[in-house]
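One structure is given below, encoded as structure tokens.
The values are calculated or read from the model by the stated rules, or taken from the named source; none is laboratory data. Here the structure is a predicted model, which means the values were calculated and not measured. All Cβ positions, even for glycine, are placed from backbone atoms using ideal geometry, and neighbour counts span all protein chains on display.
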Amino acid sequence: MTRWEIATLRTLFVFSIIAAAYFFQPFHWSLLQSVLLGAALGIAFVFLEMRLRKASLKRLIGAVVGGTLGILCALVISHLLSLTAIEKISASYVQLTLLLLLGYIGLVVGASKGDLLNLAAMGGLFTAERQGRKSSKILDTSVIIDGRIADVCETGFVEGALILPQFVIRELQQVADSSDPLKRNRGRRGLDILQRMQKMTTIQVQIVEEDFPQIREVDMKLIELAREYDGKIVTNDFNLNKVAQLQRVPVLNINELANAIKPVVLPGETMRVFILKEGKEFNQGVAYLDDGTMVVVDNAKKMISKTIDIAVTSVLQTTAGKMIFGKYDERQRAEVVQQ
């Protein structure tokens, strides 16, 4: 259901409550008082519904169980008080106070402890809801601007809903409106990527309204949202990756995925590369594969701007990615076609 549909239903609900109060005029109040009562009740109910929508299923179950137990305890105590010699007015006050107090305590404590519930042990009744949330992927600003997530989605490897928070969209808009041309282009690229992903039929992009006003940093908002949805953060931000891991929130890093799917090259194999520039060491040339992997080639300084066959000598895995070292046989130089 879209935001406009929800807003329309809420408006109709509030007007219905106002209309009911207008026609029935409870407590013999005037029309104005009845309308004000209906408006206050309607707004209060809508506010309660908005808060309940943000609560997880575990917390709702915990609140219901805790509130029920609190009310039952209040009823038992009230029954015992009715057997005493306390005057009726005082007893009624104590009973009402106990009902509100124990009901409130049970509701709050049950909701706060609801996260300890194991929904999987309830006969699979809530398995679909739990699995649906666990398969959710929450996108951050950097991975949207990067754009590779759209290519991954087109391949069909991504399953589950892609969660797009409103505060991430706002950050993208701020970047797109920046006075810096580079930032402005990056922000517009991110918005174009979002439009492209929304048009894909193989994935579901879900925009959520959840926000955490008490938290200022967008990265911490993403972590809290991932906890609430029991989902995973998709990013290529190194710092967010580390902070989320410290907070025990699962992260899918696009850079790690790119490194994992790079083709495996073994020493002794031959490969064809285009020498782009001179290397740092004597008589070295540097080439790059299609995925950006750097290839350092010995004896290839004089072969710049040419495509040659080399023999792989070693492969080095670094934190920045993979580097391939190779050697060019100068005896093949006469066979290289001039570019």
Test for residue 32: is it modelled with pLDDT of 85 or more and either exposed (fewer than 10 other Cβ atoms within 10 Å of the Cβ) or under 38 Å from the mean Cα position of the chain (by Cα) (or both): yes
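Based on what the data block shows, is residue 316 in contact with a strand residue (DSSP E or B) (Cβ under 6 Å, 6 or more places away or on another chain), surrounded by fewer than 12 Cβ atoms within 10 Å (Cβ to Cβ) and aliphatic (A, V, I, L, M)? If you could, list the steps in order and put the result at the bottom.
Values: in contact with a strand residue (DSSP E or B) (Cβ under 6 Å, 6 or more places away or on another chain): yes; surrounded by fewer than 12 Cβ atoms within 10 Å (Cβ to Cβ): yes; aliphatic (A, V, I, L, M): yes.
Taking the combined requirement at face value, the residue satisfies it.
Residue-by-condition table, conditions (1) touching a Leu at 6+ places or on another chain (Cβ under 8 Å); (2) among the aromatic types (Phe, Trp, Tyr); (3) over 15 Å from residue 141 (Cα atoms); (4) in contact (Cβ under 8 Å) with a residue 40 or more places away in the chain:
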| site | (1), (2), (3), (4) |
| --- | --- |
| 202 | no, no, yes, yes |
| 205 | yes, no, no, yes |
| 213 | no, no, yes, no |
| 218 | no, no, no, yes |
| 221 | no, no, no, yes |
Qualifying residue in the range 262-273 (condition: within 40 Å of the chain's Cα centre (by Cα) and of a type in the set (Ser, Thr, Tyr)): no
Among residues of the range 110-147, those that are modelled with pLDDT of 90 or more and in a helix (DSSP H, G or I), counted: 6
Only listed residue being surrounded by 13 or more Cβ atoms within 10 Å (Cβ to Cβ) and part of a strand (DSSP E or B), chosen from 287, 258: 287
Of residues in the range 183-193 being over 14 Å from residue 148 (Cβ atoms) and not charged (D, E, K, R), the one surrounded by the most Cβ atoms within 10 Å (Cβ to Cβ): 187
Residue list for the range 217-232, restricted to those being closer than 23 Å to residue 53 by Cα and part of a loop (DSSP other than H, G, I, E, B): 230, 231
All positions within the range 151-176 that are of a type in the set (Val, Ile, Thr) and surrounded by 14 or more Cβ atoms within 10 Å (Cβ to Cβ): 152, 158, 163, 168, 169, 175
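Test of understanding: among 205, 234, 168, which residue is at pLDDT below 90 and either of a type in the set (A, V, I, L, M) or closer than 30 Å to residue 59 by Cβ (or both)? Step through it out loud before you land on a result.
On the way: 234 fails: at pLDDT below 90; 168 fails: at pLDDT below 90.
So the residue among 205, 234, 168 that is at pLDDT below 90 and either of a type in the set (A, V, I, L, M) or closer than 30 Å to residue 59 by Cβ (or both) is 205.
Do you know which residues across the range 173-216 are among the hydrophobic types (A, V, I, L, M, F, W, C) and not in a loop (DSSP other than H, G, I, E, B)?
If we filter the range 173-216 for residues that are among the hydrophobic types (A, V, I, L, M, F, W, C), which is where we start, we get 175-176, 182, 191, 193-194, 197, 200, 203, 205, 207-208, 212, 215.
Of everything in the range 173-216, those that are among the hydrophobic types (A, V, I, L, M, F, W, C) and not in a loop (DSSP other than H, G, I, E, B) turn out to be 175, 176, 182, 191, 193, 194, 197, 205, 207, 208.
Those residues that are assigned to a strand (DSSP E or B) and either over 15 Å from residue 281 (Cβ atoms) or modelled with pLDDT under 80 (or both), I need them from the range 298-323; list them, please. I'd like the intermediate steps shown before the answer.
Of all residues in the range 298-323, those assigned to a strand (DSSP E or B) come to 298, 307-318, 321-323.
Result: 307, 308, 309, 310, 311, 312, 315, 317, 318, 321, 322.
Take the residues in the range 35-54 that are under 20 Å from residue 210 (Cα atoms) and of a type in the set (Val, Ile, Thr); name whichever of them is modelled with the lowest pLDDT. Even if it seems obvious, please write down each step before you answer.
So in the range 35-54, the residues under 20 Å from residue 210 (Cα atoms) come out as 43-54.
From what's left, of a type in the set (Val, Ile, Thr): 43, 46.
Numbers: 43: 92, 46: 87.
Only one residue fits best here, namely 46.
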